[in-house]
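One structure is given here, and the rest of the page talks about it.
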Amino acid sequence: MNPAVKHGHTRGGKQTREYRAWASMKTRVGNASRPTFHNYGGRGIVIHEPWIESFETFLLDMGPCPPGLTLERINNDGPYAPGNCCWASRAEQALNTRGNRPLTFQGLTLPAIEWARRVGLNYYSLRDRLARGWPVEAALSLPVRSAWLWRWKVRQCVHGHPYTEENTRI
């Protein structure tokens with residue numbers, strides 16, 4: 001074994017995906033000079049103590065990384081620890097960020113971007129509807145061209161003011 005490589009986890013002289021994930025995790029949480037530190041260690045994200053000390057323990061807990069996947073925290077506010085980490089695709093990770101707005105519709109809670117994809121609605125149309133105060137059910141159910149119909153049915157403008165003869169022009 002190369003004396004410079006203490007973990008013994010290389011393939012063809014290159015570090016494995018698992019080792020790179022472990023090293024990157026430690027850097028994100030522990031290196032305050034990194035530009036993204038404020039998103040990890042700077043906001044209180046910690047690493048399970050045995051993982052800090054030992055790559056082997058991390059690997060035993062996580063298992064081998066399947067091709068195309070990377071390390072993800074299931075709860076973004078939780079620690080890097082067994083039970084809160086998994087191997088996930090970039091697409092799965094994109095749905096699990098602090099910026100995603102979870103919406104509950106028909107008893108199922110998903111990020112807004114995933115709801116938009118499922119119902120065939122442009123994400124920005126959904127975001128705009130919600131920003132205008134639409135109920136989740138209406139925002140996800142009505143086709144794009146029916147927006148004016150919805151406002152007419154509920155008899156109020158996008159700002160929530162009721163339509164009256166005095167404030168409505170035809």
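Run the numbers on the stretch 1-136 and let me know its relative contact order in percent, using alpha-carbon pairs under 8 Å that are six or more apart.
Values: 131 pairs, mean separation 18.7, N = 136.
So the answer I get is 14 percent.
For 24, 141, 89, write out the residues from largest to smallest accessible area, computed with a 1.4 angstrom probe and no ligands counted. Could you put the intermediate results ahead of the total?
Details: 24 55, 141 75, 89 30 Å².
So the residues, ranked largest to smallest area, are 141, 24, 89.
What residue among 111, 80, 59 has its Cα farthest toward the positive end of the dipole of the stretch 56-132, where the charges are +1 on Lys, Arg and -1 on Asp, Glu, each on the Cβ?
Projecting each Cα onto the dipole axis, the largest value belongs to 111.
Taking one equal scatterer on every alpha-carbon of the stretch 58-135, how large is log10 of I(q)/I(0) by Debye at q = 0.22, 0.24, 0.26, 0.27 1/Å?
With no solvent term, the Cα-only Debye profile gives -1.02, -1.12, -1.22, -1.27.
The values are calculated or read from the model by the stated rules, or taken from the named source; none is laboratory data. Note that the coordinates shown come from a computational prediction; the quantities given were computed from them, not determined experimentally. So basically every Cβ, Gly included, is an ideal-geometry build from the backbone, and we count neighbours across all protein chains shown. Side chains are part of the model used for accessible areas, which takes the heavy atoms of the whole protein and leaves out ligands, DNA and RNA. Shrake-Rupley method; radii C 1.70, N 1.55, O 1.52, S 1.80 Å.
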